[in-house]
1. Output the number of the condition that L119 fails; it satisfies all remaining conditions of (1) hydrophobic (A, V, I, L, M, F, W, C); (2) at pLDDT 95 or above; (3) surrounded by 16 or more Cβ atoms within 10 Å (Cβ to Cβ); (4) out of contact with any Asp or Glu (no Cβ under 8 Å at 6 or more places or on another chain).
2. How many residues does the range 10-47 hold that are within 19 Å of S92 (Cβ to Cβ) and not β-branched (V, I, T)?
3. Which of the residues belonging to the range 81-106 are of a type in the set (D, E) and touching a residue at least 40 places away in the same chain (Cβ under 8 Å)?
4. Of the residues in the range 107-139, how many are touching a residue at least 24 places away in the same chain (Cβ under 8 Å) and part of a loop (DSSP other than H, G, I, E, B)?
5. Here are S69, S18: which of them is among the small types (G, A, S), at pLDDT 95 or above, surrounded by 13 or more Cβ atoms within 10 Å (Cβ to Cβ) and under 24 Å from the mean Cα position of the chain (by Cα)?
6. Hey, D96 hits all of (1) outside any strand (DSSP E or B); (2) surrounded by 14 or more Cβ atoms within 10 Å (Cβ to Cβ) but one; which does it fall short on?
7. Looking at the range 122-131, which of the residues that are surrounded by 15 or more Cβ atoms within 10 Å (Cβ to Cβ) and away from ligand 2 (no atom under 16 Å from the Cβ) is farthest from Q87 (Cα to Cα)?
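The values are calculated or read from the model by the stated rules, or taken from the named source; none is laboratory data. Just so we're clear, the structure is a prediction, and the values are computed from it rather than from any experiment. In this analysis, Cβ positions are derived from the backbone assuming ideal geometry, glycine residues included, and neighbour counts consider all displayed protein chains.
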Amino acid sequence: MASPLLVNVAELLRRAGSIREIDRQIESEFFKFDDSRIIVGSQVDVALTLEALTDGIVVHGKLGAQWSSECRRCLKALTGRAEVEVQELYQSVLSDPDAYPIAGEQLDLLEMARENVLLAVPLAPLCRVDCPGLCPQCGIDLQVEPCSCTRAERDDRWAALDSLRIDES
Ligand SMILES: [Zn+2]
Ligand SMILES: [Zn+2]
């Protein structure tokens, strides 16, 4: 499967300062994310500017992808959109340790986009910042209804923390 983000940069390599815009939607399958958080069949938005330097091509712009996951506390299904700003360097002769390679006159944005999208997708999202989660004892969703068993345990824990704070001051 050929990369849909292979860009011919012959023109750019000839003239420093020249610019090329890439604005595409790519099927997530092409990226081989191998990550359950990326929605199968979704599109990855790629809006990048390639700018020729004397010793490489700098790529900057935005990537966007749809993700699905679950709240780390209550396990409710969540979906969202990850957007990330990128700024990466491609070089024919690699002198920068973080640079991606230019092979001949071709530059492939796929691996760079893949890495950045995976970093942008949340690892352990919350349905809301103060999600109380599930009761560790009875398993009840505390967002739906409270239960007496957690209430007691929580109070103990906070009481222990509070006494620590008092000792410190
Ligand atoms: Zn939650
Ligand atoms: Zn409970």
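1. (3)
2. 10
3. Across the range 81-106, the qualifying residues are D96, E105.
4. Total satisfying the criteria: 10.
5. Numbers: S18 fails: under 24 Å from the mean Cα position of the chain (by Cα).
Result: S69 is the single residue among S69, S18 that is among the small types (G, A, S), at pLDDT 95 or above, surrounded by 13 or more Cβ atoms within 10 Å (Cβ to Cβ) and under 24 Å from the mean Cα position of the chain (by Cα).
6. Among (1) outside any strand (DSSP E or B); (2) surrounded by 14 or more Cβ atoms within 10 Å (Cβ to Cβ), the lone unmet condition for D96 is (2).
7. The extreme case among them is C127.
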